[in-house]
Structure formats: structure tokens, C-alpha cells
Amino acid sequence: MTCRGDRGRKAGGAAAWAIAEVTAEVTAEVTAEVTAEAVAGAAAPIGPALTGGTLRSTVAGIDALLWDVDGTLAETERDGHLVAFNLAFADEGLPWRWDDSRYARLLTVTGGRERLLHDMADRADAPMAVGERDRLARRLHARKNADYADLVASGAIPLRAGVRELIDACGARGVAMAITTTTSRASVEALLRLHLGERWAERFAAVVCAEDVTQKKPDPEVFVTALRRLGVEARGAVAIEDSPNGVAAARAAGCPVVVTRSRFFADAFADEAAASGVIAVGPGLGSRAGWSPAVMAKRGPVASLQPRTTPVDLDDIADWLARWRPGPLSQVGDSITR
Ligand code: XBP
Ligand code: MG
């Protein structure tokens with residue numbers, strides 16, 4: 001497989017990103033309101049939540065959804081980063097290759113460059129001098145990111161089932177969204193531009209990536225930064241995550257978490273995770289089956305028309321939130337429109 005072509009498009013991508021960042025910052029200034037114009041431009045469905053030029057959440061208890069990227073929006077670790085790391089090793093003329101089990105262990109280290117340095121610490125054939133090792137890690141990481149962008153552009157990495165539906169539902173029902181990842185901005189840009197279009201960033205009131213923080217997950221900085229930009233409290237900002245480091249970061253910031261299991265963290269979350277603020281754990285947003293706690297059956301006459309293969313929706317998440325946080329919210333939860 002060759003993934004070396006089309007490097008030129010990255011220069012244009014940087015300019016587009018700069019514009020998107022400004023948009024995100026400006027949007028953040030006006031709290032969690034996403035302008036109707038911006039969402040309309042991104043071709044998101046505009047529903048009844050649209051009033052007076054702004055979108056406000058019409059979903060009880062949920063002020064915002066905070067999206068992790070790798071493993072959550074797409075299986076980017078398995079189909080993207082891992083493949084690209086191995087391409088980078090080959091590009092550099094190194095005999096190193098990471099298989100699935102090695103990569104699963106390495107994923108406990110957040111950050112591609114940090115992961116490379118961690119791996120080199122165990123290799124007799126890695127450079128001994130710290131400076132040389134650091135330069136090699138930076139070179140490999142840059143190559144990996146370029147190969148990753150090419151893989152994404154080739155269409156090899158689809159969004160996970162149910163993700164697009166939930167993103168569109170947030171637009172329709174006025175739920176602000178943020179990207180909360182400590183992955184490189186260029187990789188986020190490559191994935192979301194392909195799947196959500198040139199104006200993808202306008203769908204998000206905040207886009208927080210590795211370059212925006214000093215500490216990566218499991219440090220909560222990425223979530224604290226997103227909450228500040230959104231202007232919402234943690235208790236109403238639901239994080240969607242797949243990794244233990246991501247969950248730890250979100251919980252340290254006070255956010256409730258929905259875990260969508262991914263390839264490399266399939267067995268990571270036990271039931272007792274609920275006690276620590278994980279409001280639900282399941283196989284992915286594409287199915288209403290297999291969740292703990294179980295997705296509530298839809299009420300009303302259309303129940304029989306809603307098979308368990310329909311995606312998890314905002315009302316399901318509101319239900320989990322209300323069940324996790326009994327008290328005043330359970331009253332609002334009861335009035336959720338179905
Ligand atoms: C993602 C990561 C990243 C990616 C690679 O964690 O740990 O390091 O594996 O991206 P999360 P970079 O999903 O919790 O954000 O090479 O850009 O670091
Ligand atoms: Mg992840």
C-alpha cells in the first residue's frame with residue numbers, strides 16, 4: 001500500500017484550520033450557543049430547537065456532548081494510527097513493527113510521540129542519546145501523521161455506526177458539541193473534513209486538540225478547556241469516550257461519561273464503572289442492544305417500530321443521565337419527549 005501522495009493539500013488544510021479555530025473561539029465567547037447560520041452552512045438538520053438565531057438544548061439535562069475522536073468517532077487506532085505507525089517505521093528504514101497486542105499495551109500511553117518514546121525505551125536498537133531519540137520520535141510522528149491523513153483521505157476509516165446520526169441530532173435539538181481529544185489537530189481535521197465536509201468545525205462550539213493543552217489525557221485539561229469555551233457546567237456535559245485514559249480525564253473534570261467500546265478497549269470497563277460516573281457502557285452508538293444499563297424501551301405507539309438496531313439517541317443518553325443522577329433531574333427526565 002502506498003500512502004505517500006497528495007502532501008500538497010495539507011498546506012490548504014492548515015489555512016482552513018486557522019479559520020475554523022477562530023470560528024470556534026468566537027463561538028465559545030458567546031457560551032454554548034451555536035449560530036444558526038453556521039449550522040445551516042454545515043447542512044445539519046435544523047429542527048424545532050432553532051429560535052431567535054441561536055440553538056439551545058431542548059434535551060433535558062444535556063447541555064453539551066463532548067466527543068472523543070480516536071476509537072469513539074471512528075476506529076482510527078486500528079485502521080489508521082497503528083497502520084500509519086508501521087508505515088512510518090518502514091519509511092524510515094526501521095525493522096520495527098507493532099502488532100495488535102503490542103499496540104494495545106502501548107495505548108496506555110496517550111500521544112503518538114510519547115508512545116514512540118515509551119516504546120524506544122525498551123529497544124536495544126533505538127538511539128541511546130536522548131536528543132537523537134527525541135529527533136527520531138518527532139520524525140516518525142510527523143511521517144505517521146502524514147500517512148494517517150492519506151489513509152483517511154483514501155476512505156479507509158468510516159465513522160462508527162450511530163455517530164453521524166447523533167451529531168445531526170445535536171444540531172437539530174440545539175445541543176452544543178465539542179471535540180475533546182489529545183490527538184494532533186491535523187489528524188482530527190483530516191477525519192472530520194472528509195466525513196462532515198469543509199465546514200465541519202462550525203458544527204462544534206469548541207474544538208480542543210493536543211496543541212491546545214499542556215497535559216494529555218488522563219489529565220482533565222482537555223475537558224476543563226472545552227467546558228470553559230462552551231460556558232457549561234460539567235454535570236450537564238456528557239463525554240463520549242472509549243478509553244480508560246479518556247474516561248479518567250472526563251471524570252476528573254466532573255463530566256458524566258458514555259463509553260462506546262472500541263477494538264482496543266473491548267474489555268476495559270467493568271459494571272462497577274457506573275459508580276465512578278460512567279453513566280452507560282455499550283458496544284457502540286449504532287445499536288440500542290448490549291448496553292449497561294440497558295437502553296429503556298421507547299414509550300408510545302411507535303415502540304414496535306423501533307428495533308434495537310436503531311442508533312442510541314439523545315433521549316437514551318438523557319435517560320441514562322437522569323438514572324445516574326436521581327433527584328431534580330429525574331423529574332425533568334420523566335418529561336422527555338419521545
Ligand atoms: C488518542 C491518542 C492519540 C492517538 C494518536 O487518545 O492517544 O495519541 O493514538 O494521535 P484519545 P497522535 O482517543 O483518548 O484522545 O499521534 O496525534 O498523538
Ligand atoms: Mg479514544
Exercise. Hey, among 165, 211, which residue is over 15 Å from the mean Cα position of the chain (by Cα) and either open to solvent by 10 Å² or more (accessible area, probe 1.4 Å) or at pLDDT below 95 (or both)?
Worked result: 211
Problem set entry | residue 129, sole failed condition from (1) farther than 18 Å from residue 80 by Cα; (2) in contact with a helix residue (DSSP H, G or I) (Cβ under 8 Å, 6 or more places away or on another chain); (3) more than 16 Å from ligand 2 (Cβ to nearest atom) | (2)
For this session: Kindly list, by first and then second residue, each pair from a residue in the stretch 182-208 that is assigned to a helix (DSSP H, G or I) and aromatic (Phe, Trp, Tyr) to a residue that is away from ligand 1 (no atom under 11 Å from the Cβ) and open to solvent by 30 Å² or more (accessible area, probe 1.4 Å), limited to pairs with Cβ atoms under 9 Å and residues at least 6 apart or on different chains.
Result: 200/193; 200/194
Exercise. Could you count how many residues in the stretch 239-264 are touching a residue at least 24 places away in the same chain (Cβ under 8 Å) and under 21 Å from residue 76 (Cβ atoms)?
Worked result: 17
Exercise. If you check 175, 258, 238, 224, which single one turns out to be in the same structural domain as residue 68 (by TED's automatic domain parsing), within 16 Å of residue 70 (Cα to Cα), of a type in the set (Val, Ile, Thr) and more than 13 Å from ligand 1 (Cβ to nearest atom)?
Worked result: 258
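Matching residues to (1) at pLDDT below 95; (2) within 14 Å of ligand 1 (Cβ to nearest atom); (3) surrounded by fewer than 17 Cβ atoms within 10 Å (Cβ to Cβ):
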site: 81; (1), (2), (3): no, yes, no
site: 85; (1), (2), (3): no, yes, no
site: 88; (1), (2), (3): no, yes, no
site: 96; (1), (2), (3): no, no, no
site: 99; (1), (2), (3): no, no, yes
site: 132; (1), (2), (3): no, no, yes
Exercise. Only one of (1) open to solvent by 10 Å² or more (accessible area, probe 1.4 Å); (2) closer than 24 Å to residue 57 by Cα; (3) away from ligand 2 (no atom under 16 Å from the Cβ) fails for residue 189. Which number is that?
Worked result: (2)
Problem set entry | Which listed residue is in the same structural domain as residue 181 (by TED's automatic domain parsing), more than 16 Å from ligand 2 (Cβ to nearest atom), open to solvent by less than 10 Å² (accessible area, probe 1.4 Å) and at pLDDT below 55, from 22, 39, 30 | 39
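The values are calculated or read from the model by the stated rules, or taken from the named source; none is laboratory data. Computed from a predicted structure; not experimentally measured. Virtual Cβ from ideal backbone geometry, glycine too; neighbours counted across all protein chains shown. Please note that ligands, DNA and RNA were not included when accessible areas were found on the heavy atoms of the full protein model with its side chains. Shrake-Rupley method; radii C 1.70, N 1.55, O 1.52, S 1.80 Å.
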